[in-house]
Amino acid sequence: MLAGPLRVLAAARWPDGPEGELPAIAGFVESAFSPLVAEVAERCLRARYGAPPAVGAPRTALLLASPSGDTGTADALARATAAGQRVAPLLFFQSNPNAVLGHVAARWQVDGPVVALGPGFPDGPELHERAALLIEDGDAEQVLLITAVQGPPDRATAVLLAP
């Protein structure tokens, strides 16, 4: 059992000012969801570790929650299907939100569990409790908790939590 609430080691958000375009990610197309998740994770991890990889980071879980999921990919799949067009294979790959979490884990060389929660996910305090469970169970020593909502406007937050 954890002795107290988790503390925030680093935090980031999108947007955090007059933002431009989200940086593109090779292998992710049509939707801003994965770039949104990757950018906010990148900002948070950079605040704690500098440039990737996260040298010396303890076992880190990635926990993503999104009340809407990846609506951009869902819309692209629906458009292609309605038009009788072939669906791009990359859309199937990126329709699983764990795909972008895998991208973040590989880039930063973090090795904890990857968990994605979709519509109906719990609120802030419950998400912190879920992060705490990953630590209490011994699956991770810290958790990168990301929330993402496709807009307009697109917005996301990331906090790196530890006991």
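Brief remarks follow.
- Scanning segment 3-44 for residues that are surrounded by 11 or more Cβ atoms within 10 Å (Cβ to Cβ), within 22 Å of residue 135 (Cβ to Cβ) and either at pLDDT below 90 or in contact with a Ser or Thr (Cβ under 9 Å, 6 or more places away or on another chain) (or both) yields a total of 6.
- Of all residues assigned to segment 100-123, at least one qualifies as being closer than 26 Å to residue 21 by Cβ, out of contact with any Cys (no Cβ under 6 Å at 6 or more places or on another chain), free of Cβ contacts under 8 Å to residues at least 12 places away in the same chain and not in a loop (DSSP other than H, G, I, E, B).
- Against the test of being over 20 Å from residue 156 (Cα atoms), assigned to a loop (DSSP other than H, G, I, E, B) and not polar (S, T, N, Q), the options 80, 51 yield a single qualifying residue, 51.
- The single residue among 84, 124 that is touching a Ser or Thr at 6+ places or on another chain (Cβ under 9 Å), among the small types (Gly, Ala, Ser), at pLDDT below 90 and over 19 Å from residue 34 (Cβ atoms) turns out to be 124.
- Checked against the criterion of being in contact with a Pro (Cβ under 6 Å, 6 or more places away or on another chain) and hydrophobic (A, V, I, L, M, F, W, C), the candidates 105, 116, 78, 131 yield just one match: 116.
- Condition met for residue 64 (part of a helix (DSSP H, G or I) and either surrounded by 23 or more Cβ atoms within 10 Å (Cβ to Cβ) or in contact with a helix residue (DSSP H, G or I) (Cβ under 9 Å, 6 or more places away or on another chain) (or both)): no
The values are calculated or read from the model by the stated rules, or taken from the named source; none is laboratory data. Being a predicted model, the structure only gives us computed values, none of them experimental. All Cβ positions, even for glycine, are placed from backbone atoms using ideal geometry, and neighbour counts span all protein chains on display.
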